[in-house]
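A short write-up of the structure that comes next.
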Amino acid sequence: MGVPSVFLRTFGCNFTCDSFGMPRGTKSIERVQVALTHEETPYKDYKELPLVSTGCDSYASWDPAFKELSPLLTTDAIVDRIMEILPHGEWRDEHLVITGGEPLLGWQRQYPDLLDHPKMAGLKEITFETNGTQTLTPKFKEYLRKWECYHDGNFHREITFSVSAKLPCSGEAWEDAIKPKVVYEYETYGTTYLKFVIATEQDFADAQHAIAAYRSAGFEGHVYLMPVGGVESVYSINNKNVAMLAMKHGLRYSDRLQVPLFKNEWGT
Ligand code: SF4
């Protein structure tokens with residue numbers, strides 16, 4: 001948080017996380033309603049889509065109903081857009097955050113082309129914001145090794161896997177969402193931490209159960225608790241409780257800086 005970052009959001013996810021913010025066992029229909037409205041009177045830009053207070057708050061990045069609102073760009077066009085965003089027109093202290101949807105789906109095949117682009121040579125830190133279910137392909141693992149150590153042998157780069165593992169409150173099945181061996185392997189290729197979204201005591205009990213499973217697989221990274229709440233009304237009643245819970249159990253706490261700063265609007 002607070003690090004100047006460029007976010008690259010890839011399209012597609014293997015989950016739908018329809019149960020965030022809903023009573024256990026129920027699903028939000030907010031996204032489905034937006035899709036119906038979109039079918040009748042299409043939104044022209046993803047930034048016009050309503051923010052939701054239940055379910056996945058980045059649904060525009062994976063729901064096929066909104067796919068045409070995501071631009072399909074060549075590598076050159078992506079790099080040119082990044083250069084426009086960077087304050088000095090080149091990489092300096094900024095961080096590249098690759099997010100989604102789920103950025104470790106088939107996109108793993110595309111990242112070498114992007115990261116080897118000559119204008120990306122100054123980039124020193126990448127974070128993959130992942131749900132922690134996708135194994136790294138042998139080719140991508142080999143590439144990450146080379147990328148991290150690249151540059152005349154005297155320039156070390158950093159890779160981070162920020163793993164937001166999905167607990168039952170997301171609506172996803174445990175066996176699909178909690179993949180300890182997959183996350184353990186990320187640690188070989190970069191700094192890896194886990195982040196759990198918490199709304200209730202039950203969510204915290206689920207997080208503890210998941211943490212035990214990750215630790216048994218050998219995972220050694222830090223664990224963060226993050227309050228549920230893509231919108232301020234939900235977030236502000238939950239954040240202090242989650243911070244207290246993290247302190248009580250010796251875990252780390254992650255705020256959602258984009259909620260008070262930007263009201264979680266699209267693109268933040
Ligand atoms: S894994 Fe993340 S992006 Fe995918 S549906 Fe769940 S919250 Fe949304």
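Data for the structure
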item	result
Every residue from region 171-228 that is of a type in the set (Val, Ile, Thr), open to solvent by less than 30 Å² (accessible area, probe 1.4 Å) and away from the ligand (no atom under 15 Å from the Cβ)	THR192, ILE211, VAL223
Region 38-62, residues that are under 22 Å from ARG256 (Cβ atoms), open to solvent by less than 70 Å² (accessible area, probe 1.4 Å) and of a type outside the set (Ser, Thr, Tyr)	LEU49, PRO50, VAL52, GLY55, CYS56, ASP57, ALA60, TRP62
Test for ALA210: is it part of a helix (DSSP H, G or I), of a type in the set (Gly, Ala, Ser) and touching a helix residue (DSSP H, G or I) at 6+ places or on another chain (Cβ under 9 Å)	yes
Residue within region 102-109 that is outside any helix (DSSP H, G or I) and either more than 14 Å from the ligand (Cβ to nearest atom) or more than 21 Å from the chain's Cα centre (by Cα) (or both) present	no
Some residue of region 91-101 being within 16 Å of the ligand (Cβ to nearest atom), in contact (Cβ under 8 Å) with a residue 12 or more places away in the chain and in contact with a Cys (Cβ under 9 Å, 6 or more places away or on another chain)	yes
Residue match in region 33-46 (condition: within 16 Å of the ligand (Cβ to nearest atom) and either touching a residue at least 40 places away in the same chain (Cβ under 8 Å) or not β-branched (Val, Ile, Thr) (or both))	yes
Near pairs, Cβ below 8 angstrom, 6+ apart or cross-chain, from region 55-76 (touching a residue at least 24 places away in the same chain (Cβ under 8 Å) and on the phi > 0 side of the Ramachandran plot) to any residue that is basic (Lys, Arg) and assigned to a helix (DSSP H, G or I)	GLY55/ARG31
Considering residues of region 119-152 that are of a type in the set (Ser, Thr, Tyr) and surrounded by 14 or more Cβ atoms within 10 Å (Cβ to Cβ) only, the residue farthest from TYR193 (Cα to Cα)	TYR150
Test for LEU115: is it within 14 Å of the ligand (Cβ to nearest atom) and not polar (S, T, N, Q)	no
The lone exception for SER61 - which of (1) of a type outside the set (D, E, K, R); (2) out of contact with any strand residue (DSSP E or B) (no Cβ under 6 Å at 6 or more places or on another chain); (3) within 19 Å of ASP18 (Cβ to Cβ) it fails	(2)
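Table: residues versus (1) among the basic types (Lys, Arg); (2) part of a loop (DSSP other than H, G, I, E, B); (3) modelled with pLDDT under 95.
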site: GLN134; (1), (2), (3): no, yes, no
site: LYS139; (1), (2), (3): yes, no, no
site: HIS151; (1), (2), (3): no, yes, yes
site: PHE155; (1), (2), (3): no, yes, yes
site: THR160; (1), (2), (3): no, no, no
site: VAL163; (1), (2), (3): no, no, no
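Every residue, every condition in (1) surrounded by 15 or more Cβ atoms within 10 Å (Cβ to Cβ); (2) touching a strand residue (DSSP E or B) at 6+ places or on another chain (Cβ under 6 Å); (3) modelled with pLDDT under 95, yes or no:
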position: GLY2; (1), (2), (3): no, no, yes
position: ASN14; (1), (2), (3): yes, no, no
position: ASP18; (1), (2), (3): yes, no, no
position: LYS27; (1), (2), (3): yes, no, no
position: LEU36; (1), (2), (3): no, no, no
position: LYS67; (1), (2), (3): no, no, no
position: SER70; (1), (2), (3): yes, no, yes
position: ASP80; (1), (2), (3): no, no, no
position: ILE85; (1), (2), (3): no, yes, no
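The values are calculated or read from the model by the stated rules, or taken from the named source; none is laboratory data. What you see is a predicted model; the values in this text were computed from it and never measured. For neighbour counting, all protein chains shown are included, and Cβ atoms are generated from backbone atoms with ideal geometry for every residue, glycine included. Side chains included, ligands, DNA and RNA excluded: accessible areas come from the protein's heavy atoms. Shrake-Rupley method; radii C 1.70, N 1.55, O 1.52, S 1.80 Å.
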